[in-house]
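Bear in mind these aren't lab numbers, they're just calculated from the coordinates by the rules spelled out. Note that the coordinates shown come from a computational prediction; the quantities given were computed from them, not determined experimentally. Because the Cβ atoms are built from the backbone with ideal geometry, glycine has one as well, and the counts that use them run over all protein chains shown.
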Amino acid sequence: MPLTFLAADPDSAGSRQDEALPHATQDQWRRPYRPGPWRVATAAIALLIAAYMLICAMIIVMAGSPTGAGVTLAAAALGIAFALRLLRMGIWVSPHGLRRVGLLRTQSLRWSEVARVSTVQQPVKWLGTPRSVQGQAVHVERRGGETLPPLLTDHNADFLSRPEAFERAADVLEAWAAEHH
């Protein structure tokens, strides 16, 4: 006797994980992969430090120094903003185009501006540091022949030690580009 009421998807054996959910809106920007453990751990540490600073601000206010508390509160707010932006960083796609969200700036490309999205073998930066290692990167070539800096690498904060997640994300980005040309 099958107990379909216990499962979210009654046909879980035949369902595909990469398939969009029926209720998911296709017009919104979405990230085709999950944030990696390095990015989440860094954001968690930043939030932990911000929480400590908020407690320090409360103690400073009770001690009678509102100026010092204001400075500490502002620093905690910057820490929280940093952690949230760090979690938002990455590549986002929609039917409108491709968006790269960085720590300080966001760059968007329409699909009509994209000539090709491909995965190449090349030296890549390890966790964004100056140290380079041999790895894979996803490149976007614009219509004018200009190649942008790598969108994703297999050694960044989202994909370090997760090669299957990088392959899946690269395939999804290439499929979005092919579908929306």
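At q = 0.14, 0.18, 0.19, 0.27 Å⁻¹, what log₁₀ I(q)/I(0) does a Debye calculation on the Cα points of the range 102-180 give, no solvent, two decimals? For the range 102-180, the Cα-only Debye profile gives -0.47, -0.78, -0.86, -1.34.
Give the value in nm², to one decimal: projected area of the alpha carbon convex hull of the chain, averaged over all directions.
Orientation-averaged projected area of the Cα hull: 15.7 nm².
Straightening the chain between MET58 and HIS96 buys 9.1 nm, computed as 0.36 nm per residue apart minus the Cα-Cα spacing.
Counting Lys and Arg as +1 and Asp and Glu as -1 over every other residue whose Cβ lies under 11 Å from the Cβ of PRO37, the net charge comes to +2. Taken over the range 32-92, the convex hull of the Cα atoms encloses 56 Å³ per residue. Qualifying trypsin sites (Lys or Arg not before Pro) in the range 91-181, where qualification requires a DSSP coil assignment and no more than 14 other C-beta atoms within 10 Å, comprise ARG105, ARG131, ARG143. Of all stretches in the chain that contain no GluC sites (Glu not before Pro) in a DSSP loop with at most 13 other Cβ atoms within 10 Å, the longest one is 20-145. Does anything in the range 144-159 have its amide N under 14 Å from the 7 Å Cα→Cβ label point of ARG105, and if so which residues? Output list for this probe position: 149.
Residue-wise HN-Hα couplings along the range 108-113, as the Karplus relation 6.51 cos²θ - 1.76 cosθ + 1.60 with θ = phi - 60° gives them from phi, are 10, 10, 6, 5, 5, 8 Hz; Gly and Pro carry x.
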